[in-house]
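**Student:** Quick one: the structure is below, and I'll ask about it shortly.
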Amino acid sequence: MPTPVPSTETFERFSVIIVTGGSSGIGNSIIKAIIKLSPEVRLCNLSRSKPETFLGENGVHLSVDLSDAGQLAAAAGQLSQMIDQAPPGEVLLVNNSGFGAYGPMQDAEASGQLNMIDLNIRAVVDLTARLLPRMQERGGVVMNIASTAAFQPTPYLATYGATKAFVLNWSLALNEDLRGTKVRAMAVCPGPTRSNFFKRAGFATPPMENGPLNKLMDMTADEVAAIALRGVAQGKSLVVTGWINKWIAFFGGKMPRVLVSRIGGRILRRMRAPTSQ
């Protein structure tokens, strides 16, 4: 059964919507859903490659590598001007850009791990901090895409899981910091999702193809996007997509960390991509 999206009226209050990493995956699905909900909105995508998805009559694509602090600062300046020139209305900022890399830490390239931290953490904080003053004037929502990996240590995805734990905890704390203002923050934690994430991260196959339980956790990017946007409409501060993911997140947070790490390591160890001969 398709996941229902919020009504059009919910998003009429936004005059500017900014999405990072909208060229593919969840970010692209969020853009497609927004265009259907509010085709006249001033929509801006920030990513290195331009999405094939139509950005609407007022859509803009900014080609930017968000892991580069200089490029991010320049893009933030353009976004600030866009917000200033937009008609009255709130701002929705969707921090979606991020990537993971599969494998034991001792085999990983340090530069890649640091780049992951720059994109998954620093860019989220930097862009939000630069746009927050204007968002506080107009009102709005900061949506940060985290992961169910945020709820427990993730061997073979050590840095990725830790970055998403930061995004989750930072988002919830930011929401409390903003209480009483016209802006709120929310964290969205998807589980395994059909996207390019697993191929880029180096998995042999997406986890949902390895057994019946994982197939139950499988969601499409469109389904995740619909749930995330419904969370905006409902005023939620935390959204975990799918009931099985909710149970995993709950028990992952309650069980001893050492035990969760050991179990996670045994599961993830089996998913290594085959090396070429």
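The values are calculated or read from the model by the stated rules, or taken from the named source; none is laboratory data. The shown structure was predicted, so the numbers you read here are calculated from the model rather than taken from an experiment. Please note: Cβ atoms are built from the backbone with ideal geometry, for glycine as well, and neighbour counts cover all protein chains shown. For accessibility, only protein heavy atoms count, side chains too; no ligands or nucleic acids. Shrake-Rupley method; radii C 1.70, N 1.55, O 1.52, S 1.80 Å.
**Student:** So which residues in the range 59-89 are farther than 11 Å from R42 by Cβ, part of a helix (DSSP H, G or I) and either modelled with pLDDT under 95 or hydrophobic (A, V, I, L, M, F, W, C) (or both)?
**Tutor:** Passing the criteria: A69, L72, A73, A74, A75, A76.
Residues are listed down the side, and each one gets a yes or a no for (1) among the hydrophobic types (A, V, I, L, M, F, W, C); (2) on the phi > 0 side of the Ramachandran plot; (3) modelled with pLDDT of 95 or more:
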| position | (1), (2), (3) |
| --- | --- |
| V183 | yes, no, yes |
| V188 | yes, no, yes |
| P207 | no, no, no |
| N210 | no, no, no |
| G242 | no, yes, no |
| V258 | yes, no, no |
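**Student:** From the list G89, G25, which one is among the small types (G, A, S) and more than 29 Å from A149 (Cα to Cα)?
**Tutor:** Result: G89 is the single residue among G89, G25 that is among the small types (G, A, S) and more than 29 Å from A149 (Cα to Cα).
**Student:** Consider only pairs whose beta carbons are under 8 Å apart and that are at least six residues apart or on different chains; among these, list those whose first residue lies in the range 33-44 and is part of a helix (DSSP H, G or I) and whose second residue is hydrophobic (A, V, I, L, M, F, W, C) and open to solvent by 60 Å² or more (accessible area, probe 1.4 Å).
**Tutor:** Partner pairs satisfying both residue conditions: A33/V5; I35/F54; K36/V5; L37/V5.
**Student:** While we're here: Which of the following residues is among the aliphatic types (A, V, I, L, M) and farther than 12 Å from L238 by Cα: A162, A173?
**Tutor:** A162
**Student:** Take P51 and decide whether it is farther than 19 Å from R138 by Cβ, surrounded by 14 or more Cβ atoms within 10 Å (Cβ to Cβ) and touching a residue at least 24 places away in the same chain (Cβ under 8 Å).
**Tutor:** Answer is yes for this residue.
**Student:** Say we look at the range 178-194 and pick out the residues that are touching a strand residue (DSSP E or B) at 6+ places or on another chain (Cβ under 8 Å) and open to solvent by 60 Å² or more (accessible area, probe 1.4 Å); which of these is farthest from G25 (Cα to Cα)?
**Tutor:** Pass one, the range 178-194, residues touching a strand residue (DSSP E or B) at 6+ places or on another chain (Cβ under 8 Å): 178, 182-194.
Those still in the list that are open to solvent by 60 Å² or more (accessible area, probe 1.4 Å) too: 182, 194.
Details: K182: 30, R194: 8 Å.
For the range 178-194, the residue satisfying everything is K182.
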